[in-house]
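Worksheet: the structure to be examined is printed underneath.
The values are calculated or read from the model by the stated rules, or taken from the named source; none is laboratory data. As the structure is a computational prediction, the values presented were derived from the model and not from experiment. Positions of Cβ are generated from backbone atoms using ideal geometry, with glycine treated the same way; all protein chains shown enter the neighbour counts.
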Amino acid sequence: MLEEILKSLRLPVVVAPMFLVSGPEMVIAACKAGLIGSFPAPNARTAADFDGWMAEIKAAVGGAPWAANLVTHASNPRLAEDLALVAKHKPPLVITALGSPKPAIEVVHGYGGLVFADVTTVALARKAAAVGADGLVCVSAGAGGHTGQLSPFAFVSALRQFFPGPVCVGGGIADGAGVLGAVASGADLVYMGTRFIAAEESRAAPAYKAMLADSSLDDLLVSAAVTGTPASWLIPSLRAAGYNLENLASPAARNYGGDVQKRWKDVWSAGQGLHAVTATEPLAVIADRLVAEYDDARAALDARSALFRRLPV
Ligand SMILES: Cc1cc2nc3c(=O)[nH]c(=O)nc-3n(C[C@H](O)[C@H](O)[C@H](O)COP(=O)(O)O)c2cc1C
């Protein structure tokens, strides 16, 4: 199944699900560009919207692989309804986040789909594998959104000691050389979010896209102060929303109550791959560039590898 998916792609890249950013336009553009498109179910504000979005995507992408991202935590009041709609539309891939993949497995396996579990620690990866997740998504240090803390190299290597199935890795990977590095490290797929926030098909506000293009690695701050969970934020957007950067580490500055989801609208997230984003462009142009970069990186790697004495030249 994984091999079939990989053979249908131009690069092993999942355009990662992003709250308030990914909608059907982005998923369809990604699939048409030979990547795997995905979106978080909560971006569809009602179950009826979720139903409509999946119908639209299915009709537009034909048999290309795409993914729906479900919050499987018990606190999600729409989970049962969303799972019934998943059974109806049969996304080839379901990526679970913020909870065990268990509730999705029976439904998705029922129609022959795959369940990948988004994990940030080895303990969570072991739990997801134990309940039958087909694949693991290692959200590593440098990721946009709710970030992990492990090095992607260390994380993939540790998982490969006990998990032979598909592994997708994300966190600060934003160019073709990074994709090649991730594959070389043992991953099957790369989870790439930040690189696509400024795509024309993204739902991010124009000012967010512009801030991303104008910012550098030094403009990021990982803090739990905004949502209660460590996430990677654009410092200019924290300042604009009135956060005092000096106080962000203190519990008093934390802002866990109220409508956490609404806060993603006021404060903008990005991962450490943001330096690759320099302009708003069609997703297809970004995909073409990634393919060219990957090919260049492979040629450079072959040339460099030929220098080492113990490798065949
Ligand atoms: C703005 C933004 C919103 C995100 N929202 C979600 C989300 O709703 N669900 C989810 O599972 N991951 C979410 N993520 C995380 C991404 O799916 C992915 O793990 C991350 O973007 C990978 O790292 P990168 O941004 O460095 O490529 C979000 C990331 C960003 C940047």
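Residues in region 271-313 that are touching a Lys or Arg at 6+ places or on another chain (Cβ under 9 Å), among the aliphatic types (A, V, I, L, M) and surrounded by 16 or more Cβ atoms within 10 Å (Cβ to Cβ): 274, 276, 277, 283, 284, 286, 287, 290, 291. Those helices (runs of 4 or more DSSP H) of region 1-116 in which 3 or more residues are more than 15 Å from residue 135 (Cα to Cα) and under 17 Å from the mean Cα position of the chain (by Cα) occupy 24-32. The residues in region 79-99 that are on the phi < 0 side of the Ramachandran plot and within 14 Å of the ligand (Cβ to nearest atom) can be counted, and the count is 6.
Name the single residue, out of those in region 152-183 being among the β-branched types (Val, Ile, Thr) and in a strand (DSSP E or B), that is nearest to the chain's Cα centre (by Cα). Going through the qualifying residues, I end up with 169. Within region 117-126, which residues are assigned to a helix (DSSP H, G or I) and small (Gly, Ala, Ser)? Once the filter is applied, which keeps residues that are assigned to a helix (DSSP H, G or I) and small (Gly, Ala, Ser), region 117-126 yields 123, 125.
Let's see how each residue does on (1) of a type in the set (Phe, Trp, Tyr); (2) closer than 23 Å to residue 262 by Cα; (3) away from the ligand (no atom under 11 Å from the Cβ); (4) in contact (Cβ under 8 Å) with a residue 40 or more places away in the chain:
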{"residue": "158", "(1), (2), (3), (4)": "no, no, yes, no"}
{"residue": "164", "(1), (2), (3), (4)": "no, no, yes, no"}
{"residue": "188", "(1), (2), (3), (4)": "no, no, yes, yes"}
{"residue": "193", "(1), (2), (3), (4)": "no, yes, no, yes"}
{"residue": "202", "(1), (2), (3), (4)": "no, yes, no, yes"}
{"residue": "209", "(1), (2), (3), (4)": "no, yes, yes, yes"}
{"residue": "231", "(1), (2), (3), (4)": "no, yes, no, yes"}
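Every listed requirement among (1) over 22 Å from residue 41 (Cα atoms); (2) within 12 Å of the ligand (Cβ to nearest atom) is met by residue 170 save one, (1). The set of residues from region 1-60 being hydroxyl-bearing (Ser, Thr, Tyr) and away from the ligand (no atom under 16 Å from the Cβ) comprises 8, 46. Scanning region 137-171 for residues that are crowded, with 22+ Cβ neighbours inside 10 Å and more than 21 Å from residue 100 (Cβ to Cβ) yields 142, 144, 152, 156, 171. Quick one: is residue 189 at pLDDT 95 or above and in contact with a strand residue (DSSP E or B) (Cβ under 6 Å, 6 or more places away or on another chain)? Answer is yes for this residue.
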